[in-house]
Amino acid sequence: MIRMKPVDIVIVGFGWTGAIMGIELADTGLKILALERGAYRDTSPDFVYPHNADELAYGIRGELFQPLARETVTVRHAVSDTAVPYRQYGSFLFGNNVGGAGIHWNGQHYRPSPEDLEIHSHISKRYGQKFMPDDMQIQDYGVAYDELEPYLEQFEYLCGTSGTAGNLNGEIKPGGNPFEGARKKPYPNPAVADTYGAKLFADAARAVGYHPFPQPSDNASRPYTNPHGVRLGPCNLCGYCERFGCFMYSKASPQTTILPVLMRKPNFELRTHSHVTKINLDSSGKRATGVTYIDAQGQQVEQPADLVIVSAFQMHNVRLMLLSGIGTPYDPNTGKGVIGKNYAYQMMSSIGVFFDKDVAINPFIGGGAGGVQIVDDFNADHFDHGPHGFVGGAYIYGGQTGGRPIQQLIVPPGTPSWGAGWKKAAKDNYLHATTVATHGSVMSYRDRYLDLDPTYKDAFGLPLLRITFDWHDNEYKMSQFVTERAQEIVKQMNPKATSLTLRKPGDHYDIRQYQTTHTTGGVIQGASPDSSALNRFQQSWDVSNVFVTGASAFPQNLGYNPTGLIGGLTYMSVKAIRETYLKQPGPLVQA
Amino acid sequence: MSSKQPSSPSRRDFLRQSLVAVPAVSLMGTAAIAQTQSGTAATPAVAAGPKYTPRYFTAPEWDFLEAAVDRLIPSNEDGPGAVEAGVPEFLDRQMEAAYGHGGLWYMQGPFVPDSPPTLGYQLRYTPRELYRKGIAAIDDWCQKQHNQKFAALPADQRDAILHQLEKGEIKLDDVPTAAFFSQLLTNTKEGYFADPMYGGNKQMGAWKMIGFPGARADFADWVEQPGKVYPFGPVSIEGAKS
Ligand SMILES: Cc1cc2nc3c(=O)[nH]c(=O)nc-3n(C[C@H](O)[C@H](O)[C@H](O)COP(=O)(O)OP(=O)(O)OC[C@H]3O[C@@H](n4cnc5c(N)ncnc54)[C@H](O)[C@@H]3O)c2cc1C
Ligand code: SF4
């Protein structure tokens, strides 16, 4: 084994949260090393026009994603089943290179609702403990919204988020989300203009009595220089956004917001093609001594470090903790243990909305986030759940992110899947269809968790992560309820036909259908080492010189996209590292 | 600090060139454009190109594929069929790519092919193997049932067999027919709609048919004109214009 010179801080995985950690720690002058398993990637030469506009390569074959041939996960529906590998991409997609999934995300940038962060306390108080089914094990984050607000803002100003404030210092503002928590400052940029599908949706939603607003977007609405002095250009709604890199410097990513500055810091080093396999511990098991990785030549390398930041994405964070033996693995039979606990996902439904030929939707005009309208009336606890008997909710989304024909072409119900009938329907409807969808939360449950698979291995011979997951009744009810609200809006849009994808009781989790890459939990944060793996600063309770960033810290999932909250939690964590931990290394919260 | 041009020179040149080539059609509906463009404006280089010789598929396999995709997306007045769009060529070229070799999939065993369909593809076959085995088995079955290979059967009979395959109603020894059909249909639509540089979607015919502008990827001026038909025809990555 090769042994490298020690560094002060090693960052494992260099995507969204690894980059934030890097830049926020760089001014300490400490020696920082980021290890990234993938390649270096930058707007030029990697995402340039016209090569980025290739649906087959990026959207379908997944050029930018983690090659599943080398490493995947296994999936089963129940604790008693045998898991099988996720052999082809479907349900979720993993990032793989410098920038991580931050390269090929949509840029839908949300804050959590205040009650999302204290969900267990909030639900108990408003509806009583009994409102939650026995096997639901939702928890508070250990961080309240007001405390997190400055960090949520910091991430929005890094990204140049385009949106309309709905609650400025407690004052409800027209055109924004009236249900959001109070923000101290408006969004750094005005909202992106609506695409036509979104406009039709918003008009209908208003007529029904709901409160549509433009989706907060990290596709910039205008040129923007962020606090690091890095510039973004305006988005042109190219329609090749999610699953693609941005050729316009318009989508916030580590490349467009942080790397131009961070890469020049003399005390920062990035090593690509460095796949970390383990966080090493000393003989006490209470202190990390660094990490082991496999380099481009396939050699094992030991990298000593005083502080280890694990920012390899939710699934990989959980796997690394399990492979390294940090924290007690979760046991679904006893409910004890923390690593792998509370895996959760999201539940979507969608409605295809088909108009006559005089309605020109032009579906190919779309940004990953911008140009879409949202109704948040039925998300989080924005409405009285009492009569409905479920926890959580969904936002309703109107418009489209693009009209890429292999993936995004939709046809009316009753259309055959091939032949002359399919072809005619594709031709007649393509330009005249849009989508209304719901984007819903999933709670955490005793029998939904992550551990190491006993059979299947990655290219290095290490066990794959195993997902045990299926839907619970609470989520079917949630999805049914919010989808009915979405259907009211669609009816008001007066289309000639609609199609519906809704997950109903009896439908198992289907890994063939893409829903979201918003997988959560497994290294959750919270108030006590008995119930969580990390404290509120994302520091391991067990090994205090290990911090773990990303959605693995979420004790259950939200109805929102996660990265706004992930970014906020990362900024809160890194501030505590910089201002407290580095001065006196040790636990930031006493167990 | 880093002040970057929001648009690279090559992109600007590319767009300028392609916009110059677009006739002043901004007041015409998309249907009208599709009509004017699908006929005479075709790039002759492609139309007159030499006939493609398959590299992976054998002659009988090639016959099967042409006969099958011709039914999946038939040629008619609505637009090009899969055969004239070059879908068989696309399929053959994909078989030579990492994708065809299963290089993009996790292919370690054990394989549990009778897992619930909701857990996704669990066969041991790469796309190349699935096509090879599937086509041989179906041709065999056709020979036994109808005394002819699939490609020699009339269109309505081919349609009926494809429906049976889709529903998994034909049982073959090694190959689950629904999985084979789903692979074939998915790849056929990919070839039909992917950029022409992959061998299908010849002359961007499928894009013209539906009104998709291909690799234009520049709509800043159009989002503020909601409901107006977008006037420009497609461009492709290698610079084909219409
Ligand atoms: C198609 C798509 C669309 C999305 N859209 C949205 C959206 O609109 N809004 C939203 O909020 N979120 C969205 N997301 C999710 C968002 O991308 C993630 O939440 C975010 O990137 C998470 O940041 P991270 O730092 O935890 O992980 P990542 O950004 O994925 O970075 C992890 C990095 O770690 C590296 N790594 C992993 N394992 C190792 C190892 N063993 N050794 C070394 N390096 C390793 C990976 O290669 C990667 O570069 C989307 C995701 C996808 C895939
Ligand atoms: S839609 Fe906008 S932000 Fe997204 S890739 Fe295109 S130009 Fe970039």
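The values are calculated or read from the model by the stated rules, or taken from the named source; none is laboratory data. Treat the numbers as computed from the prediction; the structure is a model and nothing was measured. Because the Cβ atoms are built from the backbone with ideal geometry, glycine has one as well, and the counts that use them run over all protein chains shown. Protein only, heavy atoms only, side chains kept; ligands, DNA and RNA dropped before computing areas. Shrake-Rupley method; radii C 1.70, N 1.55, O 1.52, S 1.80 Å.
Table for the structure above
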read-out: Cut-off under 5 Å, modelled amide H: who pairs with A:Leu452 long-range; value: A:Arg466
read-out: Dipole-positive endmost among A:Gly440, A:Thr256, A:Gly403 within the protein assembly as shown (Cβ charges, Cα centre); value: A:Thr256
read-out: Listed residues A:Lys31, B:Lys189 arranged by accessible area, highest first, probe 1.4 Å; value: A:Lys31, B:Lys189
read-out: ³J(HN,Hα), Karplus 6.51/-1.76/1.60, whole Hz, each residue of segment A:390-395, x for Gly, Pro; value: 9, 10, x, x, 8, 8
read-out: Within 10 Å of each Cβ in B:158-164, the average number of Cβ atoms from other chains; value: 1
read-out: A:Arg503 accessible area, assembled protein chains, probe 1.4 Å, Å²; value: 30
read-out: The protein assembly as shown, accessible area per residue, ligands and nucleic acids excluded (1.4 Å, Å²); value: 36
read-out: Anisotropy class of segment A:479-519 from Cα gyration tensor, a/c 1.5 cut; value: prolate
read-out: Interface residues in segment B:116-131 - accessible area drops by 30 Å² or more relative to the isolated chain, probe 1.4 Å; value: B:Pro117, B:Thr118, B:Leu119, B:Tyr121, B:Gln122
read-out: Gain in span if fully extended, A:Asn280 to A:Thr225, counting 0.36 nm per residue against the direct Cα distance; value: 15.8 nm
read-out: Alpha-carbon centroid distance for the pair segment A:162-192 / segment A:40-96, whole angstrom; value: 34
read-out: Estimated distance in nm for a label pair at A:Ala527 and B:Ala97, the labels positioned 7 Å out from Cα along Cα-to-Cβ; value: 5.3
read-out: Shape call, segment A:241-319: gyration tensor on alpha carbons, a/c limit 1.5; value: prolate
read-out: Added length on full extension, which subtracts the Cα-Cα distance from 0.36 nm per residue, A:Asp473 to A:Val79; value: 140.1 nm
read-out: Reduction of at least 40 Å² in accessible surface, 1.4 Å probe, comparing all protein chains with the chain by itself, residues of segment B:211-227; value: B:Phe212, B:Ala217, B:Phe219, B:Val223, B:Pro226, B:Gly227
read-out: Per-pair calculated FRET efficiency, R0 = 60 Å: A:Lys125 and A:Ile406 via Cβ, rounded to 0.05; value: 0.80
read-out: Pairwise FRET efficiency - A:Asp331 versus B:Glu129, Cβ, R0 = 41 Å, nearest 0.05; value: 0.50
read-out: Set A:Lys199/A:Lys427; A:Lys423/B:Lys228; A:Lys341/A:Lys491; A:Lys286/A:Lys341 screened for pairs whose C-alpha atoms are more than 32 Å apart; value: A:Lys341/A:Lys491
read-out: In nm, spacing of pseudo-spin labels at A:Ile172 and A:His508 (7 Å Cα→C-beta vector); value: 4.5
read-out: Accessible area (Å², 1.4 Å probe, nearest 10) - B:Arg93; value: 90
read-out: Shielding of A:384-397 by partner chains, average beta-carbon count, 10 Å; value: 0
read-out: Pairwise FRET efficiency - A:Ala182 versus B:Val112, Cβ, R0 = 45 Å, nearest 0.05; value: 0.30
read-out: Accessible area in the full protein assembly, largest first, 1.4 Å probe, for B:Val229, A:Val261; value: B:Val229, A:Val261
read-out: Mean-position separation - Cα centroids, segment A:542-588 and segment B:124-192, in angstrom; value: 52
read-out: Nearest-ten-degree value, helix A:145-159 long axis tilted from longest Cα axis of chain A; value: 80
read-out: Probe 1.4 Å, all protein chains present, accessible-area order of B:Thr58, A:Thr401, largest first; value: B:Thr58, A:Thr401
read-out: B:Trp141 accessible area, assembled protein chains, probe 1.4 Å, Å²; value: 50
read-out: Helical contribution to [θ] at 222 nm, DSSP H n ≥ 4, -39,500 (n - 2.57), averaged over the protein assembly as shown, rounded to 500; value: -8000 deg cm²/dmol
read-out: Rounded to 10°, Cα long-axis angle of helix A:473-493 versus longest principal axis of chain A; value: 40
